[in-house]
Structures are given as structure tokens and as C-alpha cells.
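The structure appears right after this line, and notes come after that.
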Amino acid sequence: MRNRETQFLILLFLGACLFSYGQSNKTAPPSKNAFLAGTAKILITPVTPIPMSGYGGRNDPFKGVHDDLFARVIVFSDGVNKAVLITTDLIGISNAIWEETTRRIAKETGIKKEYVLLSAVHNHSGPVLKVYDDEDTSGNVTAYVEELEKKIVKATNDAVNNLVPVSIGAGKGECKMNINRRAPDGNGEISLGQNPYAPCDHEVGVIGVDDKSGKPLAVIMNWPCHGVVLGPQNYLITGDWPGAASRYVEEGSGGKLIAPVIIGASGDINPVYGPHIDFENNSSYAYGKDAIGEDLGQESLRVAKDIQKFSSGKITAVQRVISLPVKEKEAGKYLQPENKKDDSLKVRLSAIKIGNIVLTAVSGEVFNQISVKMRKQSPYAFTFMITHCNGSSGYLVSEDAYPKAGINGSHDKFVPTGGYEVNSTSVKTGAEKAIIVNLLEMINEL
């Protein structure tokens, strides 16, 4: 009897060991707040020559490709919610492109619209996309836009299918290869130039994403500057300095990570090189975009090395559309964009919180000090702004840029008033306060 009991106990013990072994070799499901991320990168260089966007005087199709354009995608998950950051080496994202692309992303991946950040680097050496009212609407352009939407959705699907456990963190650096472009012209007016007296945001926001072994999956670079190094006579497709920055980081890693640029508030900021109006006759000016890309890339990698990363946290998002009062259209003035309705301009604001990192976004071309003021008031140290994101609302300028009644220009050399951007914006006044107040409210909701 005792032998039988002993045999039974031995069998019971062996069974328990086998069960335990089997359980230990199963992949444990991720915890509720464990971070996951997946990346994808897809070529979006147009194949058929179509007109280029960014300068009104270029009406002919592009003549060649200097370097390729890409869309880069990072999907984040906390086990409950998924969010996606999409960057494109393009001029902007129209409201129509945003609506159709996010609709399909939601349908195919389940990622809700408010959890999508679909942005452009505001590259002036890429194809037209029907972002602005006066752009080409030919069949070739329509075909390119439709193909672009398909590629973005495909890349988002690929990123969802590549989700792996990650750690995420953020840091800050500085790049001084940008400068305020609103310069006095000597005749009491404001021109597009370089103004070292006017405020310019040099902060570089860096977000690092590593896999569980500590290898980088992505280095995200947030910096404010127009993509205009190669100027209005350039007829070659290129990613300008944002493409060069991404390429510098990606090629330096052997192509093992993606390095998207997310453009900060740069409505009044240009690169220190360019725009080069004689690029066609002196293609050596291409060094400007590479020099900026290298400088930004090196600084981003320096910051990324020391970032403290976290493997768990929550992802939340909020989005709202605000209405701003518009000016009457003046004769000869080009007002942007296509979402101006009746007596108001619709501006889409977004905010996504990933752990202790907050990404805010504006569907317009925002002056740099609006972002600086918003970030200073945010309760989160790592708060960044993405512009040209989730639609197009044109220039959104600081309150002090509007000329005061009865004054032609400003006596303050640091804050020139009037000029191209103020003439181009659809908004009377009030954009600065509305953007800051609403984004801060949204951040507090996250």
C-alpha cells in the first residue's frame, strides 16, 4: 500500500513539474501597461513627373530625383490603446487626405482617429498634393495622392504587425542651424530674409524607442525649420534637410532603425542655408541640406544616448477642432487653405500622451513662439509640438506679428510686424491664444 502511495506521489510531482515547464515556455501575454512599438518605412517618391509644391512660380513637372522621399510610421501600444505617428517627406497633409487615410487606418487596424498623428515635414522640394487652393488637380496628381494614401495605410498595417516590447523615453538638445526669417527690408516693410534679432526656437526634442535588448528601433527628431534649402529653381525631388537628417541617422545605424523628423512650429523660421534661388545653376548648394541634416542628426544621437527609458505606461489621446475668425479676402492676396469655411477657419488640434511624453499637434503653420509659450506652461517636461499635422490650416501667427492700428510696421527690431505670413493667414487675430489655451486644456485631459 505504501509503495502505491509513493508511486502516486512521484507521478503527481512529475506531472506538476511538466505542467510548470510547459507554462514557463509559453510566451507570457504583455501586461496591461507594457509598452509595445512597431515601425515601418515606405518609399513615396512619385514615379510619374508632376508639378512640385512650395513655390508659386514652378509650374513644370519635376525633372529628376536627387534623393528619395519616404513615409515613416511608428505604432505605439500599451496593451489597451494603440497610437500611430506617421511622418511624410512632403509639403503638407490636406484635410481630404487626412480624412480618407485615417478612415482606412481605423477600419483596417482599429486605431481611432484621435490616436493618429499624420504629419508632413513641409518639404518644398516634393510633389503637389492638393494641399493649397491653387495647386494642380490633374489626373497624375490625383493618382499620386491615391497611391500615397494606400502606401501610408499599408505601412501602418506593417507597423501594427511588427509590434514588440519596447522602452521609450525623451530628451532635449539644441540645434542652431535655423533662424527667424522675418527681416526688415530697409523700406519700412518685412521681407523673407534672416533676422538674428527676432526670436528663434532652437530646441531639439528627441524620443528614443528601444527593443527589450536595448537596441534602438527609432529615434524621433522634433525641430522647427522650413524645408527650403534648395529654393524655387530646384526641379529635382529631394527630402531637403529633413530627408538628410533622417538619412544621416538611419545610414549611420546600418539601416536598423527609423529616424523620422517631426516639424516643430516653424512658420517664421528658415534654415541658415537657403533658399538658394540659383540652385539650378549651382547644384553644389545641396551641401546646405546635408550640413543641417548632419548637425541635427549628430545632436539627436548625442541626446538619445543619455535618455532614460521606461518599459511601461499608459497611452491616451484627445483631439478637437477649433474655429478662428477669418479676414475678408483682399484683392491680390493669396489666402490659405482649402478648409476655410464661411466666416471661420477650422484648425484641428491633437494631443497624445505616451507615458510621460506629450505630443501636441496643429493642422497649420505655426509661429515658433506659440510653441515655446505652450511648452513652458505644460505640466509635462517632455511636451513637443508637431505642425502640418492632421490637416492644413495655413499660417497661424503670433499676436504681436499683426500691425497695430495706425502703425506701419514696428519700432521694435526684435518683433517685426506684418509681412508675408501675416498677409497670407486667413485669421484676423487670436490664433496664438486659442492654440495655447486649447492645447493646455487638452493636455490636462490626458
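The values are calculated or read from the model by the stated rules, or taken from the named source; none is laboratory data. On a predicted model such as this, the values are computed, not experimentally measured, just so you know. Cβ coordinates were reconstructed from backbone atoms using ideal geometry, including for glycine residues, and neighbour counts include every protein chain displayed. The accessibility values were calculated without ligands, DNA or RNA, using every heavy atom of the protein model including side chains. Shrake-Rupley method; radii C 1.70, N 1.55, O 1.52, S 1.80 Å.
Here are the numbers:
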{"read-out": "His202 - accessible surface, heavy atoms, 1.4 Å probe, Å² rounded to 10", "value": "50"}
{"read-out": "Region 84-152 versus region 54-68: alpha-carbon centroid distance in Å", "value": "19"}
{"read-out": "Theoretical FRET efficiency, 1/(1+(r/R0)^6), r = Cβ-Cβ of Ala143 and Glu328, R0 30 Å, to 0.05", "value": "0.25"}
{"read-out": "Net +/- balance of residues flanking Asp67 in space, Cβ distance below 11 Å, scoring K and R +1, D and E -1", "value": "-2"}
{"read-out": "Simple label model, 7 Å out from Cα along Cβ direction - Thr48 to Glu399, nm", "value": "4.9"}
{"read-out": "Two-site label geometry, Arg320 and Asp185: point separation in nm, points 7 Å out along Cα→Cβ", "value": "3.9"}
{"read-out": "In Å², nearest 10: area of Ile269 left accessible to a 1.4 Å probe", "value": "0"}
{"read-out": "Rounded, prolate or oblate (a/c below 1.5 giving rounded, otherwise prolate when a/b exceeds b/c) for region 33-192 by Cα gyration tensor", "value": "oblate"}
{"read-out": "Net lengthening on full extension, Lys112/Asn161 (0.36 nm per residue, minus Cα-Cα)", "value": "16.0 nm"}
{"read-out": "Thr429 paired with Lys172, simple spin-label distance in nm, labels 7 Å along Cα-to-beta-carbon", "value": "3.0"}
{"read-out": "Residues whose placed amide H lies under 5 Å from that of Ile91, excluding near-sequence neighbours", "value": "Asn123"}
{"read-out": "Placed amide H near Gly193: partners under 5 Å, 5+ positions off or other chain", "value": "Arg182, Ala183"}
{"read-out": "Candidate residues Ser371, Ser253, Ser311: accessible-area rank, largest first, probe 1.4 Å", "value": "Ser311, Ser253, Ser371"}
